[in-house]
Amino acid sequence: MTLHRDAVAVLGGWSAPTAAEEELRREFLEHLRRHPDAMTRACAPGHLTATTAVLSHDGASVLLTLHPKAGMWLPMGGHCESYDGSLAGVALREATEESGIEGLRLLPGPLALDRHKVWCHPPHSWHLDVEYAAVAPEGAEAVMSDESLDLRWFPVDEIPELSDEATRLLARRGRQVLTAGSHSLG
């Protein structure tokens, strides 16, 4: 299965939790229909990306990167590459590369969608962001990558002001999925 087909299948089968995200889901699917290159950064109108909120083993904290271009605390994430086979794979790869944490466990997802303006193609284009959450092993220590100005754990309910609502929402949804799963296991 190609990455493009995987994205169509993932978004086609996803139940959006809000009306706004249902509208985004439809827009993303239409974008995929119109743009065979929608999974690559070469797609000038916009391209799909994957973001992952990396949660502590207990879901109490989220690891955020101080993004050099945005100047904000954001979750890990980025562009799809030609060798990626799935959106979930992109989400896990980006989270592992940017956090430096091996053994992340991706939660079932996606958990959210977000569309934001970027400058990949001046004057601007769009990231059509498919968002996931992953859980770090207990005691995991993050290692900052070249793509970050800083990397820190924050309590999910105390994400700094220098962030955005999409980050807060994704972290809360990730924690909710994690804690619901742990209750059903034990």
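The values are calculated or read from the model by the stated rules, or taken from the named source; none is laboratory data. Since the structure is predicted, the reported quantities are computational estimates derived from the model, not experimental observations. Neighbour counts are summed over all protein chains in view; Cβ atoms, including those assigned to glycine, are modelled from backbone coordinates with ideal geometry. For accessibility, only protein heavy atoms count, side chains too; no ligands or nucleic acids. Shrake-Rupley method; radii C 1.70, N 1.55, O 1.52, S 1.80 Å.
In the neighborhood of Val177, defined by Cβ-to-Cβ distances under 14 Å, what is the net charge if each Lys or Arg adds +1 and each Asp or Glu adds -1?
+2
Roughly how many percent of the accessible protein surface of the chain is carbon and sulfur, given a 1.4 Å probe and a whole-percent answer?
The computed percentage sits at 54.
Extension gain, Glu161 to Glu138: 0.36 nm times the residue separation minus the Cα-Cα distance gives 5.6 nm.
Relative to its residue count, region 9-61 spans a Cα convex hull of 126 Å³ per residue.
Would you kindly work out the equivalent ellipsoid of region 31-186 from its C-alpha gyration tensor and give its semi-axes, the square roots of five times the eigenvalues, largest first in whole Å? Don't jump to the answer; show the numbers that get you there.
On the way: eigenvalues 128, 59, 41 Å².
Value: 25, 17, 14 Å, ordered largest first.
What the phi angles of region 57-65 give under the Karplus curve with 6.51, -1.76 and 1.60, with θ = phi - 60°, is a coupling list of 3, 9, x, 6, 10, 10, 8, 10, 10 Hz, glycine and proline written as x. Relative to the longest principal Cα axis of the chain, at what angle does helix 87-99 sit, 0 to 90 degrees, rounded to 10? The answer is roughly 50 degrees. Remark: relative contact order (region 1-121) = 26 percent; criterion is Cα-Cα distance under 8 angstrom and separation of 6 or more residues. Summed over the residues of the chain and divided among them, the accessible surface reaches 50 Å² per residue at a probe radius of 1.4 Å. For region 96-160, the dipole from Cβ point charges (+1 on Lys and Arg, -1 on Asp and Glu) about the Cα centre works out to 320 debye, to the nearest 20.
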